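Data block below; observations after.
The values are calculated or read from the model by the stated rules, or taken from the named source; none is laboratory data. What you see is a predicted model; the values in this text were computed from it and never measured. Cβ: placed from backbone, ideal geometry, glycine included. Neighbour counts: every protein chain shown. Calculation scope for accessible area: heavy atoms of the full protein, side chains included, ligands and nucleic acids excluded. Shrake-Rupley method; radii C 1.70, N 1.55, O 1.52, S 1.80 Å.
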Amino acid sequence: MDQATRFDVIIIGTGAGGGTLAYRLAPSGKRILLLERGDYVPRERDNWETRAVNLEGKYNTKEVWRDREGEALHPHTNYYVGGNTKFYGAALFRLRREDFGELKHQGGISPAWPIGYEELEPYYTEAERLYQVHGERGVDPTDPPASGPYPHPPVSHEPRIQALADDLARLGLRPFHVPLGVMLDEGNPRRSRCIRCGTCDGHPCLVYAKSDAQVVCVDPALEHPNVTLLTGAHVRRLLTSASGREVTTVVVERDGITEAYSADIVVVSCGAINSAALLLRSTSAKHPRGLANGSDVVGRHYMGHVNSVLMALSKCPNPTVFQKTLALNDFYFGSEDWDFPMGHISFVGKLDGETLKAGAPAIAPGWTLDLMAKHSLDFWLTSEDLPDPDNRVTLDRDGNIVLAYQPNNEEGHRRLIAKLKALMTQQTKCRVHGHECHEGLFARSLFLGQRIPLAGVAHQNGTIRFGRDPRTSALDPACRAHEVDNLYVVDASFFPTSGAVNPALTIMANALRVGDHIRARLG
Ligand SMILES: Cc1cc2nc3c(=O)[nH]c(=O)nc-3n(C[C@H](O)[C@H](O)[C@H](O)COP(=O)(O)OP(=O)(O)OC[C@H]3O[C@@H](n4cnc5c(N)ncnc54)[C@H](O)[C@@H]3O)c2cc1C
Ligand code: SF4
């Protein structure tokens with residue numbers, strides 16, 4: 001191979017994992033190649049149009065996957081520089097310390113991680129600094145210990161959300177400010193890069209004020225002359241040496257042409273579903289079940305959280321613009337009347353009529369979609385789903401992705417919804433409508449039923465789990481493949497369990513940790 005195709009490190013995928021790793025390794029001076037199948041998100045008005053983004057799905061991949069029954073699945077995922085962080089809500093949570101140990105759920109056991117919280121803690125602190133997280137420690141009762149404060153003050157609540165926070169506190173709960181990666185300076189609005197708009201969650205940021213992996217990591221990494229990015233570079237297969245112990249060739253399709261690249265170290269970070277698919281596609285005599293898959297765990301244990309979007313309607317309008325500032329973890333590990341974990345309550349970005357049209361919402365009697373959206377508090381509920389080997393990514397005969405998933409551990413989630421319903425009836429009486437103001441909870445019912453459907457793969461994780469035992473995991477605790485010396489995985493695939501908070505900060509912190517390991521190895 002010549003100089004143009006030979007590198008020290010190749011990173012495949014530029015999202016939360018790959019982008020953050022590139023940032024970490026860039027100052028090393030090593031020759032680094034980033035391969036990204038997508039392009040940059042175009043900067044255009046539609047970035048902030050809910051019709052284009054939510055109703056028309058303008059930026060979603062048009063790729064079609066299959067479900068267990070062979071039915072077409074149109075995944076809500078995005079292939080761009082920065083990966084899904086271009087579209088995320090930037091709620092940047094640490095997993096709870098207990099999430100790293102074994103936890104007993106109503107639906108079964110959530111197994112322990114091969115590393116403890118303490119090992120990741122310094123990297124969480126660094127990731128919070130890098131992604132400019134705005135938050136407040138010591139209020140969330142489940143907050144794990146941290147070695148320092150958040151780098152920026154929390155994002156303030158707008159009046160309707162503050163009223164809800166006051167109500168919840170009056171009921172003896174401990175609502176807190178969501179830790180957010182937005183470049184907002186409320187003390188100096190004229191200079192603030194973020195303008196606190198209503199189209200953050202689910203949308204790219206037109207003014208580059210969201211801490212996404214492109215803006216925060218990939219662009220700065222590319223200022224180093226030793227870092228190269230190829231966009232439109234779809235990695236199709238990884239080839240190994242005759243022994244099967246090293247990846248020798250990364251096969252890429254770019255503009256319809258097949259190209260080959262090589263590196264001392266190859267890092268896969270395509271997102272949990274695509275990374276598993278890539279390894280499964282890379283079969284060989286030494287790896288007949290797929291690369292690094294002697295354990296047969298690659299593609300298995302797919303998790304994506306049990307999630308619901310629930311709208312609480314009131315007669316009074318909810319004029320909030322930036323809604324995703326409040327969360328509640330009081331029921332994360334259970335409650336007085338339930339001994340098992342239930343999960344996390346927070347918000348989605350403010351819904352509007354266009355967004356509601358994207359599904360088949362249950363319309364409350366006497367309301368229109370527009371009216372519902374103007375009067376709703378729009379909650380996002382997350383509970384942990386457990387790793388089940390039969391929930392898995394496989395390939396069909398043509399090499400296309402098949403995603404089989406049977407939800408589990410749902411009772412805690414149902415109880416979490418019931419808790420929220422009960423809390424909503426205890427809101428302060430409104431001065432105009434009295435208690436009649438609060439009309440109860442309605443499932444957004446995006447696609448039949450109140451759960452986020454299978455196509456909602458936003459929180460995908462778990463398909464190439466790390467662990468100490470090569471019989472039950474594909475990666476070692478440093479996220480290196482047990483069976484392939486120079487292969488690492490740093491996206492959400494490595495999670496052995498999903499916890500019940502959003503995954504991105506854990507992916508970023510782990511990428512920094514693995515980055516240190518790779519740097520030490522490269523010398
Ligand atoms: C609408 C939305 C809102 C979200 N909100 C939050 C939130 O508030 N907080 C939070 O923590 N998380 C949130 N998430 C989830 C978060 O974005 C993901 O957990 C995170 O981006 C996953 O990081 P990753 O590195 O695993 O994969 P990704 O970020 O998906 O990156 C994978 C990259 O690999 C590229 N790729 C894939 N296949 C190939 C291939 N074969 N060759 C080359 N390149 C390839 C993709 O184009 C992509 O750039 C949200 C997600 C969505 C969609
Ligand atoms: S301006 Fe701020 S609130 Fe709006 S999309 Fe950008 S980061 Fe989000």
### Message
Checking the condition away from ligand 1 (no atom under 13 Å from the Cβ), without any contact (Cβ under 8 Å) to a residue 40 or more places away in the chain and not polar (S, T, N, Q), which residue from P145, P220, P154, P225 passes?
### Response
P225
### Summary
Residue pairs within 7 Å by beta carbon, gap of at least six or interchain, first lying in segment 187-200 and of a type in the set (S, T, Y), second outside any loop (DSSP other than H, G, I, E, B) and surrounded by 14 or more Cβ atoms within 10 Å (Cβ to Cβ), listed first then second, are T199/W48; T199/T50
## Note on the structure
The condition of being open to solvent by less than 50 Å² (accessible area, probe 1.4 Å) and near ligand 1 (Cβ under 10 Å from one of its atoms) holds, among G290, G202, only for G202
### Summary
Cβ pairs under 6 Å, 6+ apart or interchain, first in segment 79-101 and in contact (Cβ under 8 Å) with a residue 60 or more places away in the chain and part of a loop (DSSP other than H, G, I, E, B), second within 12 Å of ligand 2 (Cβ to nearest atom) and open to solvent by 10 Å² or more (accessible area, probe 1.4 Å), ordered by first then second residue, are F87/G202; G89/D201; G89/K324
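For every residue, the table says whether it meets (1) free of Cβ contacts under 8 Å to residues at least 60 places away in the same chain; (2) within 12 Å of ligand 1 (Cβ to nearest atom); (3) open to solvent by 40 Å² or more (accessible area, probe 1.4 Å).
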site	(1), (2), (3)
Y23	no, no, yes
R31	no, no, yes
R37	no, yes, yes
P42	yes, no, yes
V53	no, yes, no
## Note on the structure
All-but-one check, P75 against (1) at pLDDT 95 or above; (2) at negative phi; (3) open to solvent by less than 40 Å² (accessible area, probe 1.4 Å); (4) within 18 Å of the chain's Cα centre (by Cα), failing number (1)
### Message
Tell me the residue from A221, A260, A233 that is at pLDDT 95 or above, among the small types (G, A, S) and closer than 25 Å to H459 by Cα, please.
### Response
A233
### Task
Give the residues of segment 470-523 that are open to solvent by 10 Å² or more (accessible area, probe 1.4 Å) and among the β-branched types (V, I, T), sorted by residue number.
T472, I507
### Message
Quick check on my filter: what residues within segment 381-408 are surrounded by 23 or more Cβ atoms within 10 Å (Cβ to Cβ) and touching a Phe, Trp or Tyr at 6+ places or on another chain (Cβ under 9 Å)?
### Response
D385, P387, N391, V393, L403
### Task
State whether the residues of segment 27-40 include one that is under 20 Å from Y88 (Cα atoms), assigned to a helix (DSSP H, G or I) and modelled with pLDDT of 95 or more.
no
### Query
What is the number of the single condition among (1) more than 11 Å from ligand 1 (Cβ to nearest atom); (2) open to solvent by 10 Å² or more (accessible area, probe 1.4 Å) that I265 does not meet?
(2)
### Message
Suppose we keep only residues that are under 19 Å from A127 (Cβ atoms) and hydrophobic (A, V, I, L, M, F, W, C) within segment 206-234. Which one would you say is surrounded by the most Cβ atoms within 10 Å (Cβ to Cβ)?
### Response
A213
### Query
Which residue out of R245, R237 is surrounded by fewer than 17 Cβ atoms within 10 Å (Cβ to Cβ) and more than 28 Å from L505 (Cβ to Cβ)?
R245
### Task
Starting from segment 106-135, take each residue that is within 19 Å of L505 (Cβ to Cβ) and list its partners that are charged (D, E, K, R) and surrounded by 15 or more Cβ atoms within 10 Å (Cβ to Cβ), counting only C-beta distances under 6 angstrom and pairs at least six apart or across chains.
Y117/R97; Y123/R513; Y124/R94
#### Entry: Top-ranked residue of segment 313-342 - restricted to ones that are assigned to a strand (DSSP E or B), among the aliphatic types (A, V, I, L, M) and in contact with a helix residue (DSSP H, G or I) (Cβ under 6 Å, 6 or more places away or on another chain), ranked as nearest to ligand 2 (Cβ to nearest atom)
L326
### Query
Across segment 492-523, what is the number of residues that are part of a loop (DSSP other than H, G, I, E, B) and closer than 16 Å to R300 by Cβ?
4
#### Entry: Number of positions in segment 185-197 that are in contact with a strand residue (DSSP E or B) (Cβ under 7 Å, 6 or more places away or on another chain) and either exposed (fewer than 14 other Cβ atoms within 10 Å of the Cβ) or within 11 Å of V133 (Cβ to Cβ) (or both)
0
